1. Quick check on the range 15-33. Is at least one of its residues touching a strand residue (DSSP E or B) at 6+ places or on another chain (Cβ under 7 Å) and outside any loop (DSSP other than H, G, I, E, B)?
2. Quick check on the range 93-108. Is at least one of its residues out of contact with any Lys or Arg (no Cβ under 7 Å at 6 or more places or on another chain), part of a strand (DSSP E or B) and more than 14 Å from ILE59 (Cβ to Cβ)?
3. For LYS82, are the conditions met, namely being touching a Cys at 6+ places or on another chain (Cβ under 9 Å) and not polar (S, T, N, Q)?
4. Quick one: in the range 46-104, which of the residues that are among the basic types (Lys, Arg) and closer than 21 Å to LYS3 by Cα is farthest from the chain's Cα centre (by Cα)?
5. Kindly indicate whether ILE36 is among the aliphatic types (A, V, I, L, M), farther than 27 Å from PRO121 by Cβ and either over 21 Å from the mean Cα position of the chain (by Cα) or outside any loop (DSSP other than H, G, I, E, B) (or both).
6. Please state which one of VAL34, VAL8 is loosely packed, with under 10 Cβ neighbours inside 10 Å and among the β-branched types (Val, Ile, Thr).
7. Find all pairs meeting these conditions: Cβ atoms under 8 angstrom apart; at least six residues apart or on different chains; first residue within the range 32-58 and at pLDDT 80 or above; second residue loosely packed, with under 13 Cβ neighbours inside 10 Å.
Amino acid sequence: MVKTTIEVDEDLWRRFSLLVLRERGDRKKNEVIVEILRDYVEQKGLFVDDQQLESILRIEEEREVFLKIWDKLIHDPFYNGKYVAVFRGSVVGCDEEKGRLAETVYKKYGYVPIYIDKVAPGERSVEVPSPELAVP
């Protein structure tokens, strides 16, 4: 089970809460949200095996770490303007060239999900050179 926080427009949340209260009773919002998420995923037809899903989730966790430490990295001349690799919640390498960085970290850690992105003001591109994920 995953616990997460989302930001929702206040008026939309109040209307949603009122509808759920009317239809299902108090304290059923989580159930409805889970149903909405399940319906959305099934409707979009994203079918991945457990290994692919694990890789995707791990990359997203590493991306969240990168976003949390971005301000610190941008103010550090060692990282500013370079690509950094995040693995297991820590920066494990940096380089001016993305390809060279990817090669270095994969040699050290193996071909596992590692998040790579550039630390530069105004740039927020996502770079994810990780194991290929075939999505049918």
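1. First, pick out the residues of the range 15-33 that are touching a strand residue (DSSP E or B) at 6+ places or on another chain (Cβ under 7 Å): none.
Within the range 15-33, none of the residues are touching a strand residue (DSSP E or B) at 6+ places or on another chain (Cβ under 7 Å) and outside any loop (DSSP other than H, G, I, E, B).
2. yes
3. Numbers: touching a Cys at 6+ places or on another chain (Cβ under 9 Å): yes; not polar (S, T, N, Q): yes.
Yes; evaluated as a whole, the condition is true for this residue.
4. Checking each candidate, the answer is ARG88.
5. Working: among the aliphatic types (A, V, I, L, M): yes; farther than 27 Å from PRO121 by Cβ: yes; either over 21 Å from the mean Cα position of the chain (by Cα) or outside any loop (DSSP other than H, G, I, E, B) (or both): yes.
Yes, satisfied.
6. None of the other options fit; the residue is VAL8.
7. Note: pairs meeting the criteria are VAL32/ARG24.
The values are calculated or read from the model by the stated rules, or taken from the named source; none is laboratory data. Source: prediction; values computed, not measured. Positions of Cβ are backbone-derived with ideal geometry, glycine not excepted, and every protein chain shown enters the neighbour counts.
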